[in-house]
Amino acid sequence: MLAKFGEIDLDTIDVSNLNRQFLFQKKHVGKSKAQVAKESVLQFCPTANIKAYHDSIMNPDYNVEFFRNFMLVMNALDNRAARNHVNRMCLAADIPLIESGTAGYLGQVTVIKKGLTECYECQPKPTQKTFPGCTIRNTPSEPIHCIVWAKYLFNQLFGEEDADQEVSPDTADPELSWNPADTEARATASDQDGDIKRVSTKDWARSTGYDSVKLFNKLFKDDIQYLLTMDKLWKKRKAPLPLDWLELQKLACPQEVTGTGLKDQHVLGVAGYSQLFSRSVETLRSMLADKGDGAELVWDKDDPAAMDFVTAAANLRMHIFSMNMKSRFDIKSMAGNIIPAIATTNAVIAGLIVLEALKILSGDVEQCRTIFLNKQPNPRKKLLVPCALDPPSANCYVCASKPEVTVKLNVNKTLVLALQDKILKEKFGMVAPDVQIEDGKGTILISSEEGETEANNSKFLSDFGIRNGSRLQVDDFLQDYTLLVNVIHCEELEKDVEFEVVGDAPDKAPTPPSSQEEQKNFANGNKDSAEPSTSSNAPAEQDDVLIVDSDEEPSSSTMDVSTESGGLKRKLHDAETGEASAKRQRLDQATADDDDDIIALD
Amino acid sequence: MIDMIEKEDSIISEEEAAQYDRQIRLWGLDAQKRLRGSRVLLVGLRGLGAEVAKNLILAGVKGLTLLDHEQVTEESCRAQFLIPVSAQGQNRAQASLERAQYLNPMVAVKADTDRVEEKPDEFFLQFDAVCLTGCSRDLMIRVDQLCSQNNIKVFCGDVFGYHGYMFSDLGLEHNYVEEKPKAVKPKTEESNEHDGPEAKKPKVDPSETTMIKKVNVDFCCLKDALEVDWTSEKAKSSLKRTPVDYFLLHVLLKFRTDKGRDPNPESFAEDSTLLRQIRDDVLEAMTLSSELLPHDFVSYCFSEMAPVCAVVGGVLGQEVVKALSQRDAPHRNFFFFDGMKGSGVVDYFGPN
C-alpha cells in the first residue's frame, strides 16, 4: 500500500525502554532508535521500504516539500514543541496527521486533517505547571516545591545559572507586606543591594571550595534562620526548623537496609541525607573541576551524583519544612518527569493508530475518530471510547485563515530576545520566526537569519517604537505560518509573569489528582511537565501522553473513571449515539505499522 | 496457585530494576514480584497469540509456554511478528521461540508442539494462568472448568477480521488490591482576618497513597457465560444494551467447531453462506431475531488483522498481568472490540 516509510528519531536506546519498546533488545542499548527499529522491522517484513533518520524532526531539512512526499504522518512524540511543529508542517503540506499518546494505563488517538478537523493547537492545552518564586524560595508546602528548589540549586552551584532559578530567601515576597508598593520597594532594594545575597551562589560556593559543610549550614541553617525572621510568613504556617551539621552527625547511625525492596525505595533518615548531600557535592565538585574552566554540568536524572544531590537536598528541605521525606525512587519520578509506561497500553494505541491509518488510506477519512483508552470501563461499559472529530476552531491561532493573537506585556521591560524566545518560540511554537513591525516602514525586528538582528536582542520593544496597539507580523517560513500579534502595553502583570496571551484560560493548579499516577502525568509529554525541567538536554522519557478519559458523571460502580479525569470536562461525542462532541487532549504514541514504507522520525 | 506465590520471595536484581523501572513505577514492586513468580501457558501462536506472548514476556513473568501444533503458512507470517519469514513449514510455536526469547532473556520461554486437545489434565495444573487462543468451544469449556477448580486463572481470546474478544474466569474468589489516594480532609478553620494576604494552608501530599484491599467474587465459568438464557422477557429487554459481538462470537465458534477452521478469504463465498446459515440457526435457538447480526456481518470477520490483534492482545495481556499481580480491578468478564467502530466494551455474561 504505502510506497515509503520514513522514520525520524534523534534518540538512542536506553535499558529502561526495553520493557515496552519491543523492537529493541539489550544489545542495542546506546544505538540509534530509528536505525534499530528499521532493522528489527525488516526482520519480520523484509519487503518494507524504510528510511531511518537519526535526527530531530525540527531540523529545517524536513520542510513542507519533504512532508509532501508522504500520504500520511503518524506521531509518536514526547514533547509539545515537536507536536506543534509537526502539526503546522502537516497543515502546510495538507497531509493527514495521526496524533496519539499514552501514559500508564491511559491512551488516546486522533486524526488531524486540514480544513476538516481541529488541528493540534485548536484547543488551548494546559501549560507546564510552574510555581511562584516565593513558594520555591520561602514557603514550600509540598515535596515538589522542594524538588524544584533542589534542581535550581544544582544549576546555581554546578550548572548554568538562571535568574529565574534563585534559591535564596526572597525578600520581595508579596506576603511580607500589606501593599504592592512596599513589595515593589523591597524588590528594588534587593536588586540594588550590593550585599552578600547578591553574590552569585556559584561564586560563593567556589570561594569556599565547595565545602559541603559550609554549604549545608548556609542552605539548611543560615538561610532558614533568615526566613524565620520574616515572621509574617509563619503566622499561619508551621515554621521551618533549621538543621545543624554537627548536631546531625551526632545522630547519624548506620542505615539498616532490609533485603527485599529496591535499594532506591528506602527512605533514609535526615542524618543519612546530610551525608548523601556531602558525598554528592564532593563528586559533583570534582566532575566540574575535571571539565575545566568555565565548565557547567547539566542535570540528568540518570547521572547518579546529580540524582543523589537532588534527592539529598530536596529531602533535607522537606524535613526542614515538616514534610515526610521521600525515597530516591520517588524523587527521581518527580524530578525526572518520569511517566510510567507499559507494553500493553502502547500495543492498544498502536493498533488503533493503524486502524485509523487504514481508513485514511482507503479514502474514508470521515470514518476517523478520536478514541480514548480508559483504565476501567465508563458507565456505558466502554473501555475504548470513539468520539467524532471536531471541526477546526474558527479562532485557532494556527489553522484559522488569518490567525491573530493579542499579547499583554510591558513594552519598556520586554527585551526583543524575550519576545523571540519566550513568546514566539516557547509559547507560540515557532522554530525560526521573522518579525516585522506594522509601522508603515516594515521595520524588521527579528530575522531568522543568524546574526542579522542580533544587535536588537538586548533592546526593549519600546526602543523600536512599539507601544500599546502596535501590531507585529510574525512569519515562520519553515512552518509556512504567519501570525499577527497585537501588542497591549500593560504595567501591572502579576509577579513572575512576563506576558499574558489574551483569551488564554488562566493557568490553574491542576485539580488534585484524585487517584492514580495517570492523573498526575497528564502532560503533553515528559519534557513539558511540571516545572522541574531545568535540564534542557536531559533525554526525556519517550512516552507522552495524555489524555484522558471520557465522560462523565461519577458512577456508583467501583470504577473510578470519572474521578480519574478530575476536573476535565468534556462533552462526549459518542459516535453511535450522536451526542455533543468531545474535546480531546494530547496524545502521544508508539510505533508504526509493518506496511511497506515507513519513515520513522524522532 | 496464585496465592501461594511468595511476594517476599527474593530480592529484585539491579538488572530487573533497571529494565522494569517504568512498569514498577506504575504497578509497584509487589506486583512485579508476583509476576516474576508466575508461570503461564499460552495456546495458539497466530497473530493474537504473538501479541499476548510479547506482552507477557515484556511484563516479566517467570515462564511462558507456547503451545501450538500447527505449521507456519505464508499467511501466518503476515500477522505474526515473531515468526521469521524463512520459517515456513516449521511448527508455529517453535518458529516463534527465538524472537520471543529475545524480547526478555529473564523469562523462561518454551515451545510445545503438541495438540492442546491431547494434553492430560495434569499438564495444565503446572501453570498459574492459562490463555487459550484459536481453540474450539468445547476445549475452552473443558480447560476452563479444570483450571478454575484448581485456582488457575483462565483467559480466552480470538480475533476474527475487525472483531475480537477476550473472556476471563478468575474463579469464585479473586483477591486484588487497588491504590487509592489518602483522603484529603478539608480545613475547617477559615481565615476571617482582613489584615493580610491569605496564608496558604498545609496540604496533604497528593503523591501519598494508601492501598485498599478488595475481594471480587463473581467470575463464572465459560460454559455458563456462553449459555445465557435469552428466552425470558427480562433477558430480551436487556438486548438493547447488549453488545452484538457476543452473538457474533457464538456464530464464529460454531463455524470453528463445524469446519475445524476459521472463515478463510479463499473460500469467501462459501464461508459467508455458511456463516449466515449458522447465524440464523444460533439466533433462532436462542429465540432471538436473526437481524441482530446484519447481513453484511460476514464482511468483517475474515482473517486476523494485525492491528486488531494488537488491541485485543493488549487488553488481554493486561488482564493476565492484573490477575497474576493481584492488582487493580479485573474486567468482568468479556471484552469485545469492534475495529470498524473503534469501540471496546466490557460486559458480563453469566448467571446473576
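The values are calculated or read from the model by the stated rules, or taken from the named source; none is laboratory data. Because the structure is a prediction, the values reported are computed rather than measured. Note that each Cβ is placed from the backbone with ideal geometry, even for glycine, and that neighbours are counted across all protein chains shown. Remember, those area values only see protein heavy atoms, side chains included, never the ligands or the DNA or RNA. Shrake-Rupley method; radii C 1.70, N 1.55, O 1.52, S 1.80 Å.
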Here is a check on your reading of the model: is B:Val72 more than 9 Å from every other protein chain (Cβ to nearest Cβ), touching a residue at least 24 places away in the same chain (Cβ under 8 Å) and on the phi < 0 side of the Ramachandran plot?
no
With respect to the numbered conditions (1) at pLDDT 90 or above; (2) among the basic types (Lys, Arg); (3) more than 24 Å from B:Lys322 (Cα to Cα), which one is the sole condition not fulfilled by B:Lys223?
(3)
Can you tell me which residue within the stretch A:237-263, out of those that are at pLDDT 90 or above and open to solvent by less than 90 Å² (accessible area, probe 1.4 Å), is farthest from A:Asp203 (Cα to Cα)?
A:Arg237
Of all residues in the stretch A:90-141 being small (Gly, Ala, Ser) and not in a strand (DSSP E or B), which is surrounded by the most Cβ atoms within 10 Å (Cβ to Cβ)?
A:Gly104
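Condition check ((1) in contact (Cβ under 8 Å) with a residue 60 or more places away in the chain; (2) more than 14 Å from chain B (Cβ to nearest Cβ)) across all residues:
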{"residue": "A:Leu384", "(1), (2)": "no, no"}
{"residue": "A:Ala394", "(1), (2)": "no, yes"}
{"residue": "A:Glu404", "(1), (2)": "yes, yes"}
{"residue": "A:Thr414", "(1), (2)": "yes, yes"}
{"residue": "A:Leu419", "(1), (2)": "no, yes"}
Need pairs with beta-carbon distance below 8 Å; first residue free of Cβ contacts under 8 Å to residues at least 60 places away in the same chain and within the stretch A:5-19, second assigned to a helix (DSSP H, G or I) and of a type in the set (Gly, Ala, Ser); sequence gap 6+ or separate chains.
A:Val15/B:Ala18; A:Ser16/B:Ala18
Could you please find all residues in the stretch B:125-138 being assigned to a helix (DSSP H, G or I) and surrounded by fewer than 18 Cβ atoms within 10 Å (Cβ to Cβ)?
B:Asp138
Residues of the stretch B:249-267 being part of a helix (DSSP H, G or I), within 16 Å of B:Met305 (Cα to Cα) and in contact (Cβ under 8 Å) with a residue 12 or more places away in the chain, which ones?
B:Leu252, B:Pro265
Scan the stretch A:289-339 for residues that are out of contact with any Phe, Trp or Tyr (no Cβ under 8 Å at 6 or more places or on another chain) and not small (Gly, Ala, Ser) and report the count.
25
Selection count where residues are on the phi < 0 side of the Ramachandran plot, assigned to a loop (DSSP other than H, G, I, E, B) and more than 13 Å from chain B (Cβ to nearest Cβ), scope the stretch A:2-58:
13
Considering only residues that are within 18 Å of A:Leu358 (Cβ to Cβ) and of a type in the set (Val, Ile, Thr), look in the stretch B:299-350 and name the one that is farthest from the other protein chains (Cβ to nearest Cβ).
B:Val312
Checking B:Ser86 against (1) within 14 Å of chain A (Cβ to nearest Cβ); (2) of a type outside the set (Val, Ile, Thr); (3) open to solvent by less than 60 Å² (accessible area, probe 1.4 Å), which single condition isn't satisfied?
(3)
Please count how many residues of the stretch A:323-342 are more than 9 Å from chain B (Cβ to nearest Cβ), crowded, with 21+ Cβ neighbours inside 10 Å and among the hydroxyl-bearing types (Ser, Thr, Tyr).
0
Residue check for B:Val315: in a helix (DSSP H, G or I), within 25 Å of A:Phe44 (Cα to Cα) and open to solvent by less than 30 Å² (accessible area, probe 1.4 Å):
yes
Residue within the stretch A:53-63 that is of a type in the set (D, E, K, R) and open to solvent by 60 Å² or more (accessible area, probe 1.4 Å) present:
yes
For the stretch B:141-153, give me each residue that is crowded, with 23+ Cβ neighbours inside 10 Å, in contact (Cβ under 8 Å) with a residue 40 or more places away in the chain and under 18 Å from B:Arg115 (Cα atoms).
B:Asp144
Number of the exception - B:Gln94 against (1) more than 11 Å from every other protein chain (Cβ to nearest Cβ); (2) open to solvent by 20 Å² or more (accessible area, probe 1.4 Å); (3) outside any helix (DSSP H, G or I)
(3)
For A:Lys38, the lone unmet condition from (1) charged (D, E, K, R); (2) within 27 Å of the chain's Cα centre (by Cα); (3) open to solvent by 20 Å² or more (accessible area, probe 1.4 Å) is (2)
Among (1) at pLDDT below 90; (2) within 11 Å of chain A (Cβ to nearest Cβ); (3) surrounded by fewer than 17 Cβ atoms within 10 Å (Cβ to Cβ) - the single one B:Pro105 does not satisfy:
(1)
Across the stretch A:359-382, what is the number of residues that are crowded, with 19+ Cβ neighbours inside 10 Å, more than 28 Å from the chain's Cα centre (by Cα) and of a type in the set (A, V, I, L, M, F, W, C)?
2
